[in-house]
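The structure appears below as structure tokens.
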Amino acid sequence: MHFTLTDDFDAVKIAASGQCFRWYPLSDGRCRIFARDRTVVLKQTAPDTLELDCTPEEFQSFWHDYFDFSTDYTAIRALIDPNDHYLSQSAACGQGIRILRQNPFEMLITFLLSQRKSIPAIQKSVEALSRAAGTPIGEADGQTLYAFPTPAQLAALDDDILTACGLGYRLPYIRQAAQTAAHNPGLFDELAALDDAALREKLLSLHGVGPKIAQCVMLFGFHRMDSFPLDVWMNRVMDTHYPNGFPFDRYSPFNGVIQQYLFYFVRAERTGAAN
């Protein structure tokens, strides 16, 4: 099916934004995306047109929400102070990024294992976990496609298999998170009902979860759009461009979107892709 875009969307930038690790480039500009128990092949055939290999009904019932098409990102960019030249540059460079509505359990596990790993290494581990325990959801090019494991499926894996998935020192964090979620099937519904402060506190109480992971899970797993993750890249931005403090009040409740523009831009500057 084809979908006509009326707001910011750039599949390449979203895939490189550090929020999703199961977007895989295919040939001819296509991309295979995994989300929960589904997969779709997407191609941005023009700046304002998406082509997806799903039915219009599936798109409206699932993928429309996943891509957060109910949020007006053009309006969010319009909030930016025109005198803040660095942020204006960042938003122009990152225009097209959207905050995806992803599975909170998958985001918790993904960001637990992301510590001290490159993006390709994170993707490799996520895919290995999916092959080791996930439910088959289709086939492409003779290969079986798997959903990310449920808490029960992940908790059932023994340490040898988890080690083979490249978890390293993160293994006990991931095992405990999976076991906690498996023993409490309503955990993520309970967490979703909390306000931002309480949600952050609960996430920080989990083994291996620090401030950065908690903020990432809030933003990318629970769609808490005011969450502003700080890592080495973002600390560099804050120190260099906002030594007197960042104007969070101006951009609330959309600081997470602003963070993504800054995060994408500072990394693009490093590689020369921002020019």
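The values are calculated or read from the model by the stated rules, or taken from the named source; none is laboratory data. Bear in mind that the values here come from a model prediction, so they are computed numbers and not experimental data. Glycine also receives a Cβ, built like all others from the backbone with ideal geometry; neighbour counts cover every protein chain displayed. Keep in mind that these areas ignore ligands, DNA and RNA; they rest on the heavy atoms of the full protein, side chains included. Shrake-Rupley method; radii C 1.70, N 1.55, O 1.52, S 1.80 Å.
Taking the Cα centre of the chain as origin, sum charge times position over the Cβ atoms of Lys and Arg (+1) and Asp and Glu (-1), and report the length of that vector in debye to the nearest 20.
Its charge dipole is roughly 820 debye.
Suppose every Lys and Arg Cβ carries +1 and every Asp and Glu Cβ carries -1, with no other charges. What dipole size does segment 1-123 come out with about its Cα centre, to the nearest 20 debye?
Approximately 620 debye in magnitude.
Would you work out what percent of the accessible area of segment 1-76, with all protein chains in place, is carbon or sulfur (probe 1.4 Å)?
Looking at segment 1-76 in its full context, I get 52 percent from C and S.
Return a whole-number percent for the relative contact order of segment 47-150, with Cα pairs under 8 Å and 6 or more residues apart as the contact set.
17
Would you list, by chain and number, the lysines whose Cα falls below 24 Å from the Cα of LYS212, excluding same-chain residues fewer than 8 positions away?
Excluding near neighbours in sequence, the set is LYS13, LYS117, LYS124, LYS202.
For the chain, what relative contact order do you get, as a whole percent, if you take Cα pairs closer than 8 Å and at least 6 residues apart? Kindly include the intermediate steps, with their values, before the conclusion.
Working: 373 pairs, mean separation 55.9, N = 275.
Contact order relative to length: 20 percent.
Tell me, what is the per residue accessible area of the chain in Å², probe radius 1.4 Å?
Per residue, the chain has an accessible area of 47 Å².
Between GLU201, GLU58, GLU139, where does the largest GNM mean-square fluctuation fall for the chain, given springs only between Cα atoms within less than 10 Å?
Highest fluctuation among the options: GLU139.
Hey, of (1) 1.00; (2) 1.04; (3) 0.95, which did the structure itself give for Rg/Rh (Cα atoms, Kirkwood Rh) when calculated?
(3)
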